[in-house]
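Below is one structure, written out as structure tokens; comments come after it.
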Amino acid sequence: MVTIYDTEALEAIRRRTAVQPHRMKLFRNALFKNARDWDAALETLPENARADFARSVDFECLDLAERHDSEIDGASKLIFQTRDANLIESVVLRPKTGRTSVCVSSQVGCACYCSFCATGMMGFSRNLTTAEILDQVTQSNRVVRPEGRAIRNVVFMGMGEPLLNLDNVFAAVDALKAAPLFNLTGSRITVSTVGIPDAMNRFTSEFPDVQLALSLHSARQAARERLMPQARKYPLDELREALVAATARGKVMIEYLMLAGVNDREEDYLALENYLKGLSVHVNIIPFNEFAGGDLRGTPLPERKRFAARLKAAGFDVTLRYSLGSDIAAACGQLVQRKQKESVA
Ligand code: SF4
């Protein structure tokens, strides 16, 4: 069986079943543009080809297990179950100003063990396949379609470190950009990383037009290692070289989660300003969603505002982010952990 995202294999089936190209286009539009169910999409094909397509094509590899809609903002958390009974999360975001986005997972669990992340506490199970990554986008599109919306941005910031699943993530980005499939421009796709220099270099040379985000969180080596064990492997000076190369191709998003007493003091600010000096970056100051099991606390909003204002005054592009979906356990991995516990109990 081939996946619905395998355009070459699908073309072979089209030829075999003698489906006209314009009918194939209708079929694709039904699935990817109009977010129809696969059985409704099949009806756009000639009747004599439907059984062959239904037999040969794997249309869906994830089951939507749960949906949690925020009552205070436009976020929806979707929990999907894979065929081997793993749970992963995607988050649909409907910001008041801006385009409807989905934040997708790239792995089941994560091997990076960031101390501020609920997923980091789950350990790593496996990489998601390209189809499992893309299915999150397809099904999120179906969720928002009845609202007259469409997914316009895809962000790889869910469970897992995308650049540790390089081949499948690269293939997923190709499919997201492909005209017969999702047809998104590179600027509508963001891949976020903890900072793996070699993989960042590969990513930026393969996809110079796709947005790269670096989870920096501290420009002091010791503080960064406390937050992100991967930082021991990839020290800040090595990371900066990759950042210089990446920013030569376009602006890089810098994610900075503000944590009380950890990365929000005077020395933290000065280290950050110095580290980013001269680079083409956009800094996102992010609030922390506290979760059970973590002992970190978020920096209060007035201090986050002051920190952001100083960066702005120093000449950086800065966005002060507000948490979306804080009433639906927005910390990455939190809902999956809860559901796993329920199924064990
Ligand atoms: S923040 Fe990202 S890279 Fe770090 S543990 Fe969580 S999912 Fe993994």
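Report yes if some residue within the stretch 89-96 is assigned to a loop (DSSP other than H, G, I, E, B) and closer than 23 Å to LEU259 by Cα; otherwise report no.
Here is the first cut: in the stretch 89-96, the residues assigned to a loop (DSSP other than H, G, I, E, B) are 94-96.
Within this subset, residues satisfying the condition of being closer than 23 Å to LEU259 by Cα are none.
No, the stretch 89-96 contains no residue that is assigned to a loop (DSSP other than H, G, I, E, B) and closer than 23 Å to LEU259 by Cα.
Could you tell me whether any residue of the stretch 214-229 is among the charged types (D, E, K, R), away from the ligand (no atom under 16 Å from the Cβ) and free of Cβ contacts under 8 Å to residues at least 40 places away in the same chain?
no
Which residues, counting only those in the stretch 189-205, are free of Cβ contacts under 8 Å to residues at least 60 places away in the same chain and in a loop (DSSP other than H, G, I, E, B)? Step through it out loud before you land on a result.
Of all residues in the stretch 189-205, those free of Cβ contacts under 8 Å to residues at least 60 places away in the same chain come to 189, 191, 193, 195-205.
Correct list: GLY195, ILE196.
Got at least one residue in the stretch 136-155 being within 16 Å of the ligand (Cβ to nearest atom), crowded, with 20+ Cβ neighbours inside 10 Å, polar (S, T, N, Q) and over 20 Å from THR82 (Cβ atoms)?
No, the stretch 136-155 contains no residue that is within 16 Å of the ligand (Cβ to nearest atom), crowded, with 20+ Cβ neighbours inside 10 Å, polar (S, T, N, Q) and over 20 Å from THR82 (Cβ atoms).
Does GLY98 satisfy the criteria of being at pLDDT below 95, assigned by TED's automatic domain parsing to the domain that holds VAL143 and on the phi > 0 side of the Ramachandran plot?
The answer is yes for GLY98.
So CYS117 fits all but one of (1) surrounded by 21 or more Cβ atoms within 10 Å (Cβ to Cβ); (2) more than 30 Å from ASN263 (Cα to Cα); what number is the exception?
Condition not satisfied by CYS117: (2).
Of the numbered conditions (1) farther than 19 Å from ILE133 by Cα; (2) buried (at least 16 other Cβ atoms within 10 Å of the Cβ); (3) modelled with pLDDT under 95, GLY158 fails exactly one; give the number of that condition.
(1)
Within the stretch 156-172, is even one residue under 24 Å from PHE207 (Cα atoms), acidic (Asp, Glu) and away from the ligand (no atom under 16 Å from the Cβ)?
yes
The values are calculated or read from the model by the stated rules, or taken from the named source; none is laboratory data. The structure displayed is predicted, hence computed values, not measured ones. Every residue, glycine among them, receives a Cβ derived from its backbone with ideal geometry; neighbour counts consider all protein chains shown.
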